[in-house]
Amino acid sequence: MSDTNSPGATGGGDPGRASWPEYLGGESHGAAAAAGGSGRPEDQGPPRRVIGTPSPAASRTLLAQPDGGDGEEPVEPFTPPEPQDPVRAGKAERIVVACFVIALLAGLGFLVAYSLIGVGSLTATLHSNLALGGTLSLVFLLLAVGAVIWVRYLMPTVEITEQRHLMRSAETDREAFKETFEEGAATSQFVRRPLVRRTLIAATLPLALIPIWVLRDLGPLPDKSLDNTVWRKGLRLLAYGTGRPIKAAEFNSPGALISVGPEGFLADDDAMAKAAVIIIKFRPGELVFGPSTPPGHPTPANVVIPNWTVDNIVAYSKICTHVGCPAALYEQTTHHILCPCHQSTFDAAQGAKVLFGPATRALPQLPIGVDAQGFLIATGPFNEPVGPSYWERS
Amino acid sequence: MSWITARRRHPAAGYVVIAFVLVIIGTAYAVITSGYASAAPQATPNSAQIAEGRSLFLANCATCHGLYAEGTSQAPSLIGVGAAAVNFQVSTGRMPAAELGAQNDRKPGRLNATETAAIAAYIQSLGGGPTVPSPAQVSSAGANVGLGQQLFVADCAACHNFVGAGGALTYGKAAPALTAATPTQIYEAMLTGPEAMPVFNDLTITPQEKRDIIAYVTQVRAQPNPGGFSLGRVGPVTEGLVAFLGMLLFLVLAALWITAKHGKAHE
């Protein structure tokens, strides 16, 4: 009986073939049983269904059918199990009813609030929103709470085993489907006329290609645009916020730090995203100097380039070389520059070399000097791309 | 008590007790460590005050900073740091330090305003340096709060958080929250760069700009906390995040409860 639908629907006396419930046969199961003792005459196959009409499965019920007509034991009429504790159940019932009644009142309250509270002014709209949202939330919340308490405390917790019908259709159904399908394929000439079939398939191919193709328009590739910042020789360093140029002689307190940007680009967020710089003033002797290097040339690691500084003032990119956060937590006692995102720590006294954290490159040093008025200027661009790595970085 | 006795073996009883104790401890901690006011005295130096400052210095500071504030291997020289640095360190309770270390946290001060002013006058007399700002210099009246915010975000927020809630630095150091700092102390901190903080002298950040920054800090920290609880003020919508996480937890627990098997199953 591997292909029975449910215990109650099992046809008697015909174990070899698929048992078709009575609603498929056009005659009652009981009558068939009375007439021949078997479910259906052998020659009567499953009903042929016309394509487009509802499937018989739609009318199939999952509940066991009381069926006493075929000589098996009669199924007892169903009696729902009672909750174990009637007192508790009674209490739960009252709570559920209270929930539903309040939900009803809240729902009515919504209608009342909708009619009474106008939306003419800002205050009235505020009150209207509060009343409408509040009552509607209350309705749904109490419906849910009531339903949950109902299920938890009123419904019995017997475990019900429900037989599931087989996923595989009956053999005769499958045959019928195959027949219908092949009939349809032949009638439509889909098989006989390959040119129509192939051109149809070919016509759909561009549709599959289109979504991939239009990905190109998500934006231009960065190409070389990430390699350079707007810093160039002669641009003054302006304090971020005030936009004031900075005199080297005034930026004279050891341990001082300030965020700066290039002259003319402070309001340009796209430019500042790469060009943000911090300048730090050191006490004499604190900086670890390397050899002098012209701007644009490769620099030795772990040292400050002396001719890129002005009187112990050093400028570093503010963009962390890990993922580009603004690394500007500076400790004047230890000369640590800390990036707040992932704790990459750089030593500002040693060319901002990495002391700790996920960053792998030192913060690039910006070559700076002073102009005729004594203001700090850049004496060249960064000699390497600032910020995190990217595909095109050489 | 019978109510408690009846429920003490409830599955949730343990969690309730732990939550209750945590709330008690948290509240007690918050009460004990709640703010203490710091006076900002005005130094009007005279020889008597300097002499008193000298004796106070010998009693409270000289052990580490040397008999003549010349510094030792354990503490820096104080010659030239100015009255502003002394007033900041002593009025915030950081000095006299509880122990040697790079990090001294704010604590109730041991010296009162008069004593602080005396020591400040003594240190000022040694080698000059930045003086304690006047109330007018730190007043928020007429300050440009917008510019103050821009400057704060550019140069202060990296360490102090953009609403001044403070944050961690390297190797155990931390930038303090600015919730308890008086305008005078904020000004002095910018001017003198206490501990690991960088210096922002008056030529780089002008006195007017310092007032703007102070106005921003005092204004942003005076904003009300939605729901009456600051949650550390670590972000613009901290309460939103907490509400989101709290509701998520609630929904998970509710789902567990709804689908849980009954304790007493029907036969």
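To the nearest 10 degrees, how steep is helix B:47-60 against the longest Cα principal axis of chain B, on a 0 to 90 scale?
Roughly 50 degrees between the two axes.
Can you give me the C-alpha center-to-center distance between region B:1-26 and region A:99-114, rounded to a whole angstrom?
If you average the Cα positions of each part, the centres end up 36 Å apart.
Over region B:40-131, calculate the relative contact order: mean separation of alpha carbon pairs under 8 Å at least 6 apart, over the residue count, as a percent.
41
What angle do you read, to the nearest 10 degrees and between 0 and 90, between the alpha-carbon axis of helix B:82-91 and the longest principal axis of chain B?
So the helix axis and the longest Cα principal axis differ by about 30 degrees.
Taking the Cα centre as origin and putting +1 on Lys and Arg beta-carbons and -1 on Asp and Glu beta-carbons, what dipole magnitude results for region A:237-378, to the nearest 20 debye?
220
Can you put B:Phe152, A:Phe265 in order, fewest other beta carbons within 10 Å first?
A:Phe265, B:Phe152
Give me the three principal axis extents of region A:235-394 from the C-alpha atoms, as integers in angstrom, largest value leading.
On the principal axes, region A:235-394 reaches 40, 36, 29 Å in Cα extent.
How are the Cα pair distances of region B:146-207 distributed, in percent, across 5 Å bins from 0?
4, 17, 27, 33, 14, 4, 1
Residue by residue, what Karplus-based ³J(HN,Hα) values in Hz, rounded to whole numbers, does region B:181-196 have, using 6.51, -1.76 and 1.60 with θ = phi - 60° and x for Gly and Pro?
Result, rounded to whole Hz: 5, 7, x, 4, 5, 4, 4, 5, 5, 4, 6, 10, x, x, 6, 7.
Just to verify a number: FRET efficiency for B:Tyr15 and A:Val87, C-beta to C-beta distance, R0 = 22 Å, to 0.05?
0.20
If you take the alpha carbon radius of gyration of region A:103-260 and divide it by 2.2 N^0.38 Å, what ratio comes out, to two decimals?
Rounded to two decimals, the normalised Rg is 2.42.
Projected area of region A:86-154, taken from the Cα convex hull and averaged over every viewing direction, in nm²?
4.3
Based solely on its DSSP helices, what 222 nm [θ] is calculated for chain B when runs of n ≥ 4 H residues each add -39,500 (n - 2.57) and the sum is averaged over all residues, nearest 500 deg cm²/dmol?
It comes out at -15000 deg cm²/dmol, rounded to the nearest 500.
If the limit is 28 Å between Cα atoms, which of A:Lys353/B:Lys107; A:Lys233/B:Lys210; A:Lys224/A:Lys353; B:Lys107/B:Lys210; A:Lys353/B:Lys173 go over it?
A:Lys353/B:Lys107; A:Lys233/B:Lys210
Let me know the mean shielding of B:158-169 by other chains, meaning the per-residue number of their Cβ atoms within 10 Å of its Cβ.
3
For region A:276-298, list residues with backbone N below 11 Å from a point placed 7 Å from the Cα of A:Lys233 toward its Cβ?
A:295-296
No lab work stands behind these numbers, since they all come straight from the coordinates. Remember, it's a predicted structure, so these values are computed and weren't measured experimentally. Using ideal geometry, Cβ is built from the backbone for each residue, glycine included, and neighbour counts are taken over all protein chains shown.
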